[in-house]
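Data first, discussion second: the structure below is written as structure tokens.
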Amino acid sequence: MQRLPWIPILIILTIFAMAIFAPLLAPHDPIDQTLKDKLLPPFWFEGGSTKYILGTDAFGRDILSRLIYGARVSLLVALLALTVGGGVGLTIGIVAGYLGGTIETILMRLVDAAFTFPAILFALLLSVTLGQGLGTLVIAISLLLWASFARIIRGEVLALKQRDFVALAKVRGCSTLRIMATHILPNVLNTFLVLVTLNIGVVIIAEASLSFLGAGIPPPTPTWGLMVSEGRGRIADAWWVALIPGIAITLLVLSVNLFGDWLRDRLDPRLRQL
Amino acid sequence: MGRFIVRRLLHGLVLLFMVATVVFVLGRLTGNPVDLMLPEDATAEDRTRLIKSLGLDGPMHTQFLVFIGNALQGDLGTSIRMRQPAVDLFFSRLPNTLVIIPWAILLAMVVGIPLGVVAALNRGNMLDRGAGTIAVLGIATPNFWLGIVLIFVFSVELGWLPSGRMGGPEHYVLPVITLGTFLTAGFMRLTRSSMLDVLESEFVKLARIKGLSETVVIWKHCLRNAMIPLLTLWGVFVGNLITGAIVTETVFAWPGVGRLTYEAVIYRDFPLLQAVIILKSILILSINLLVDILYAYVDPRIRLS
């Protein structure tokens, strides 16, 4: 058994704390523009000041403060999208796996179709038709998730429903709904939990990519993807504006992935192929 | 084989119909799609004319028939910003995307697969850990940011490579690395895990007992079989490349269909975006169909099942 990945856990907890206590931790307002202080480098470089530890962007906004507030968006979107997308996938997986028959065929065809078409395309379309916003973003990213959840959970359920305790529940006269909710569901929760953890990174990258492409939470709300996008044109004279938020994204995704790998090996090693 | 192809083709057409339906429905979620399709300076007459030509004065099912009918005739609407048929715009940009995608795949094959094999052979030691770390980093790094980092290092600081736009071979290096990194990491991980499975199998033992050299056993017998999971996942890889191209082309100002998609999003060019999505879907389905046929040709079990 591998030991607890304490460095990733520490990083995740730090970013969580940043998100929750953002108003207390941020040294400046993340949206306030101080144009005379624009494009200042991080403090350890020449011309930087300890007033703006990680420097400022083209509008003179404090990068550290924007980074701290940006963590809120990343984690909030991850939480909501995993609840919605994961929940839909879990339900469809259980229903398809347990009921079987035509319902299963139809649902699994839908899953196959969802695998064929990149959900990002539909996410972009949604942002144009519904307008940018938290709701649109959550729906869009849920589209990206549900199918892989449904496919794996269904596989688990197919094996579970052959087990004696399910037969026993049937004999005792439990309704189908009751069996699914009280006998099948608790037995796929481990897998579900592992899937959720393994997909946090996917969601964070998707959110950042959509923000970068102008289809995320609209400005001026600071998000990490938007910060990279805003700094892109300034890479020659102010590299920190684009590079620092990217480090934050990579660090967070790396940490949750390493933690997810560990959790998978602990709870459900059969998912190793993923 | 003929029946297999027909079945696959029909399957693809059904999926395409589903995509068209979703696009149609999404365009109508927020009311009249004409408002998404007209430039801001359009007059009331323009509006009425467009409503007429798209059949939007009719009931929903007629509208859908008109939409599908137009699409079948190759009319997917007109770009608001560029005032050109969306289909023409897509096909004029497509070659520029098709010239980088194969290089990204090649990069992933040339780097990812051998690294995966080496990692599997050195399971648990430094080499395996090193390759594993690279793969984990490759998966965790968002490619839009990777592209910017590469520009910063190789264009701004070192001045070795151009930072964008199309041109000679040196213009390809950074976009191909940006687009191919995720795939390379994925190939590596997948090759490693399936190599580990294959190395345990009976036919490998037999090959060794037969006295074949270790090189032949590993790179011929094992690798061939370890490639199967890679083949079954190509659908996911194709999708990944198509979406990866949006970000990569945006970062490197590369005039392909990915950049076109980005432009459609930021300028809220709905007709262009819906056309791009339908055409990309056709592209993905065609590639999938082609690989399916190839796959069935190579492995008879597929076409019989």
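Is there a residue in region B:153-167 that is in contact (Cβ under 8 Å) with a residue 12 or more places away in the chain and part of a helix (DSSP H, G or I)? Checked region B:153-167: at least one residue is in contact (Cβ under 8 Å) with a residue 12 or more places away in the chain and part of a helix (DSSP H, G or I). Residues in region B:31-52 include none that are open to solvent by less than 40 Å² (accessible area, probe 1.4 Å), in the same structural domain as residue B:291 (by TED's automatic domain parsing), assigned to a helix (DSSP H, G or I) and within 25 Å of residue A:111 (Cβ to Cβ). Number of residues in region A:217-245 that are facing another protein chain (nearest Cβ under 7 Å) and under 27 Å from residue A:193 (Cα atoms) equals 0. So residue B:73 fits all but one of (1) without any contact (Cβ under 8 Å) to a residue 24 or more places away in the chain; (2) under 31 Å from the mean Cα position of the chain (by Cα); (3) under 28 Å from residue A:201 (Cβ atoms); what number is the exception? Every condition holds for residue B:73 apart from (3). Considering only region B:281-291, I want to know if a residue exists there that is of a type in the set (Val, Ile, Thr), assigned to a helix (DSSP H, G or I) and surrounded by 19 or more Cβ atoms within 10 Å (Cβ to Cβ). Yes, some residue in region B:281-291 is of a type in the set (Val, Ile, Thr), assigned to a helix (DSSP H, G or I) and surrounded by 19 or more Cβ atoms within 10 Å (Cβ to Cβ). Scanning region A:117-141 for residues that are under 19 Å from residue B:239 (Cβ atoms), at the interface with chain B (Cβ under 8 Å from one of its Cβ atoms) and either open to solvent by less than 20 Å² (accessible area, probe 1.4 Å) or outside any helix (DSSP H, G or I) (or both) gives A:117, A:118, A:121, A:124, A:125, A:126, A:127. Filtered by the rule that a residue be without any contact (Cβ under 8 Å) to a residue 40 or more places away in the chain, part of a helix (DSSP H, G or I) and away from chain B (no Cβ under 14 Å), region A:67-116 gives A:79, A:83, A:87, A:91, A:101, A:102, A:103. Look through region B:262-273, keep the residues that are more than 7 Å from chain A (Cβ to nearest Cβ) and touching a helix residue (DSSP H, G or I) at 6+ places or on another chain (Cβ under 6 Å), and return whichever of them is modelled with the lowest pLDDT. Among residues in region B:262-273 that are more than 7 Å from chain A (Cβ to nearest Cβ) and touching a helix residue (DSSP H, G or I) at 6+ places or on another chain (Cβ under 6 Å), the one modelled with the lowest pLDDT is B:271.
Just one of B:93, B:123 is on the phi < 0 side of the Ramachandran plot, away from chain A (no Cβ under 13 Å) and outside any helix (DSSP H, G or I); which is it?
Answer to the check: B:123.
When B:85, B:33 are checked against the criterion of being touching a residue at least 24 places away in the same chain (Cβ under 8 Å) and in contact with a Gly (Cβ under 8 Å, 6 or more places away or on another chain), B:33 stands alone in meeting it. Mind checking which residues of region A:19-63 are open to solvent by 40 Å² or more (accessible area, probe 1.4 Å) and not in a loop (DSSP other than H, G, I, E, B)? Result: A:20, A:23, A:24, A:25, A:35, A:36. Does region A:207-217 include one or more residues that are assigned to a helix (DSSP H, G or I), free of Cβ contacts under 8 Å to residues at least 12 places away in the same chain and either surrounded by fewer than 18 Cβ atoms within 10 Å (Cβ to Cβ) or not acidic (Asp, Glu) (or both)? No, every residue in region A:207-217 fails to be assigned to a helix (DSSP H, G or I), free of Cβ contacts under 8 Å to residues at least 12 places away in the same chain and either surrounded by fewer than 18 Cβ atoms within 10 Å (Cβ to Cβ) or not acidic (Asp, Glu) (or both).
Check B:231, B:272 and return the single one that is in a helix (DSSP H, G or I), open to solvent by 30 Å² or more (accessible area, probe 1.4 Å) and touching a residue at least 24 places away in the same chain (Cβ under 8 Å). Working first, answer last.
Numbers: B:272 fails: open to solvent by 30 Å² or more (accessible area, probe 1.4 Å).
That would be B:231, the only listed residue that is in a helix (DSSP H, G or I), open to solvent by 30 Å² or more (accessible area, probe 1.4 Å) and touching a residue at least 24 places away in the same chain (Cβ under 8 Å).
For region B:76-90, how many residues are assigned to a loop (DSSP other than H, G, I, E, B) and open to solvent by 60 Å² or more (accessible area, probe 1.4 Å)? Going through region B:76-90 one residue at a time, the tally reaches 3. Among the residues of region A:169-186, those identified as part of a helix (DSSP H, G or I) and surrounded by 16 or more Cβ atoms within 10 Å (Cβ to Cβ) are A:169, A:179, A:180, A:183, A:184, A:185.
Within region B:140-161, the set of residues being within 25 Å of the chain's Cα centre (by Cα) and more than 7 Å from chain A (Cβ to nearest Cβ) comprises B:143, B:146, B:147, B:150.
When each of B:247, B:236, B:176 is tested for being within 11 Å of chain A (Cβ to nearest Cβ), under 30 Å from residue B:154 (Cβ atoms) and modelled with pLDDT of 80 or more, the lone residue that passes is B:247. Considered as a group, the residues in region A:156-168 that are in a loop (DSSP other than H, G, I, E, B) and without any contact (Cβ under 8 Å) to a residue 60 or more places away in the chain include one that is surrounded by the fewest Cβ atoms within 10 Å (Cβ to Cβ), and that residue is A:162. Confirm whether residue A:222 is surrounded by fewer than 24 Cβ atoms within 10 Å (Cβ to Cβ) and not in a helix (DSSP H, G or I). Judged against the criteria, residue A:222 is not a match.
The values are calculated or read from the model by the stated rules, or taken from the named source; none is laboratory data. Remember, predicted model here, so these are calculated numbers, not experimental data. All Cβ positions, glycine included, derive from the backbone under ideal geometry; neighbour counts span all protein chains shown. Accessible surface areas use protein heavy atoms only, side chains included; no ligands, DNA or RNA. Shrake-Rupley method; radii C 1.70, N 1.55, O 1.52, S 1.80 Å.
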